[in-house]
Amino acid sequence: IFQLAVGVATTRARVRVARYVQQEILADPAIQWQPLPVAASIALHRIRNRRGWNFSTLNTMMATFGSFMNRLDVYSPALPVKLGNMGSWKETMRGVTKQKHLELVRQSMPASKPMIHAGVAKLMEDRAHHGAAFLLIISWSHAARISNVLTLQVQNFVNQTSIRWDQAKTTASRGKYTTTSAYGPYLAFVQNYLERTPPGASVCSTSDAKVMKTVMRTIHPSFDLRSLRRGALQHLA
């Protein structure tokens, strides 16, 4: 029943961060006897230094670990630990948040229409990359998050131009919704691709996303997966 509350990805993220902290504490007897919020803070800062996280990432990791500990009884036979009520954890979070706000914001560059055309043309040259081309077209045309497009199956396409989103990032809070777009010169490609995809199968995969990102970076080195949605929304505006 608990699994209905959050997605699998969120659960895995919480457990993964908790495992990072656990391993870091176990590796150093000097911090094993510190109060938990202090030991966890030291562990996360050490991981940040080793992995080169910025403060924004550290802030996210601390929040994720706090969520895990606040729901500890969901993941183990232990009682929850409300780190947010502990002064040392509050002060550490406050300090990290301040540093996050002082950091320069690193936004991915917005993709442009010529870039999309160039990327689709390059991906269409190899039939093995048609999934990546489809992902690029759909993401741009619907100004959709890559992670949302990866959840789509053939049955989500009401017709060739309308998509019924049922597992998108916001569907849990606002319900299912539909978007409609036009694919211009790629309409026939989209139609043929959907006809070739078996019912119940995902239309794209994470490997398609990697291929698409690699090819787009040959067109513009600063391209990021978030460049697509940012550029699409600006183009629509």
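Each reported figure results from applying straightforward, stated rules to the coordinates on display, with no laboratory input. Everything quoted here is computed from the prediction, not taken from an experiment. Cβ atoms come from the backbone with ideal geometry, glycine included; neighbour counts cover every protein chain shown.
Values for this structure:
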read-out: Under-19-angstrom lysine pairs by C-alpha in region 71-227, whenever the two are 8 or more apart or on separate chains; value: 7
read-out: Local net charge near I163, Cβ-Cβ under 15 Å (Lys/Arg +1, Asp/Glu -1); value: +4
read-out: Angle between the chain longest axis and helix 36-51 axis [Cα atoms, degrees, rounded to 10]; value: 50 degrees
read-out: Helix 87-102 axis, angle to the chain major axis (alpha carbon atoms, nearest 10°); value: 40 degrees
read-out: Charge tally in the Cβ shell below 9 Å around W140, where Lys, Arg are +1 and Asp, Glu are -1, W140 excluded; value: +2
read-out: Dipole magnitude (debye, nearest 20) for the chain, charges at Cβ of Lys, Arg, Asp, Glu; value: 440 debye
read-out: Pair A188, H220: separation of 7 Å Cα→Cβ label points (nm); value: 2.8 nm
read-out: Neighbourhood net charge (12 Å Cβ-Cβ; Lys/Arg +1, Asp/Glu -1) for I31; value: -1
read-out: Structure-derived Kirkwood radius over Cα pairs in Å: which label, when the choices are (i) 19.2; (ii) 20.5; (iii) 22.0; value: (ii)
read-out: Helix 206-219 axis, angle to the chain major axis (alpha carbon atoms, nearest 10°); value: 70 degrees
